[in-house]
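Here the structure is laid out as structure tokens; the discussion comes afterwards.
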Amino acid sequence: SHYSAIVAEPAIGIQKLTNGADADQEPGPYIMAGDPVEWVYLVTNAGNVRLTSIGVVDDRIGVVNCPRDSLDVDEWMECTVDGSAEPGQYINLATVTGTADPGGLPPVQVTDSDPSHYFGMEPEIRLVKRTNGLDADDAPGPYVVVGQLVEWTYVVTNSGNITLTQVIV
């Protein structure tokens, strides 16, 4: 009598991409707030037995719809979710679970997680012009004697959430 012993080593993997970038560390890609964001979840059967009951959950988005719920050994699938960029630093975590039923042994649940980041940019600049120290937005403005010096002051403020460069007044 002969037999071969194969050790069942179930494993599952997930890689989450934000607009095509593997953004495990912050800040991740810079995206204008309100612009489209595409999250791609690459799910892989990294073990040596078939996986079933595969599900992907994103901690900010919820359940992610995938094209399949099972994968044979070395198979993978791609799941996608579209959204809009929120302002500021954004992080979310994708988690995948699956079940291996290694013939005659109790089913085993496997899981993996992967974070993703982006920074939602909201560039904004403010300019206040003062005449002789006064904010003179409305007419007639301050009265100045003819021939007297007039001083204009320009106050420039970065009121957005990203560094501005090459600011010219």
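Tell me which of these I168 doesn't satisfy, since it passes every other one: (1) without any contact (Cβ under 8 Å) to a residue 60 or more places away in the chain; (2) more than 30 Å from Q25 (Cβ to Cβ); (3) surrounded by 11 or more Cβ atoms within 10 Å (Cβ to Cβ); (4) hydrophobic (A, V, I, L, M, F, W, C).
(3)
Name the strands (runs of 3 or more DSSP E) wholly inside the stretch 41-138 in which the number of residues that are closer than 24 Å to E9 by Cα is 2 or more. Spell out the reasoning first.
Details: elements: 51-58, 62-64, 76-84, 88-100, 108-121, 125-131.
In the stretch 41-138, 51-58, 76-84, 88-100, 108-121 are the strands (runs of 3 or more DSSP E) which contain 2 or more residues that are closer than 24 Å to E9 by Cα.
For residues that are at pLDDT below 95 and small (G, A, S), scanning just the stretch 98-120, find the one that is surrounded by the fewest Cβ atoms within 10 Å (Cβ to Cβ). Outline the logic, then answer.
As a first pass, look at the stretch 98-120 and keep what is at pLDDT below 95: 100-108.
If we keep only those that are small (G, A, S) as well, we get 100, 103-104.
Numbers: A100: 24, G103: 9, G104: 6.
Taking the candidates together, the pick is G104.
Counting only residues that are polar (S, T, N, Q) and out of contact with any Cys (no Cβ under 8 Å at 6 or more places or on another chain), which one in the stretch 60-97 is least open to solvent (accessible area, probe 1.4 Å)?
Our first condition is that a residue be polar (S, T, N, Q); within the stretch 60-97, this holds for 65, 70, 80, 84, 89, 92, 95, 97.
Applying the additional criterion that residues be out of contact with any Cys (no Cβ under 8 Å at 6 or more places or on another chain) yields 70, 80, 84, 89, 92, 95, 97.
Working: S70: 17, T80: 67, S84: 74, Q89: 77, N92: 1, T95: 42, T97: 44 Å².
Here the answer is N92.
The values are calculated or read from the model by the stated rules, or taken from the named source; none is laboratory data. Since the model is a prediction, treat every value here as computed from it, not as a measurement. With ideal geometry, Cβ positions are generated from the backbone for all residues, glycine too; neighbour counts draw on all protein chains shown. For the accessible areas, the whole protein counts, side chains as well, though only heavy atoms, and no ligand, DNA or RNA atoms are used. Shrake-Rupley method; radii C 1.70, N 1.55, O 1.52, S 1.80 Å.
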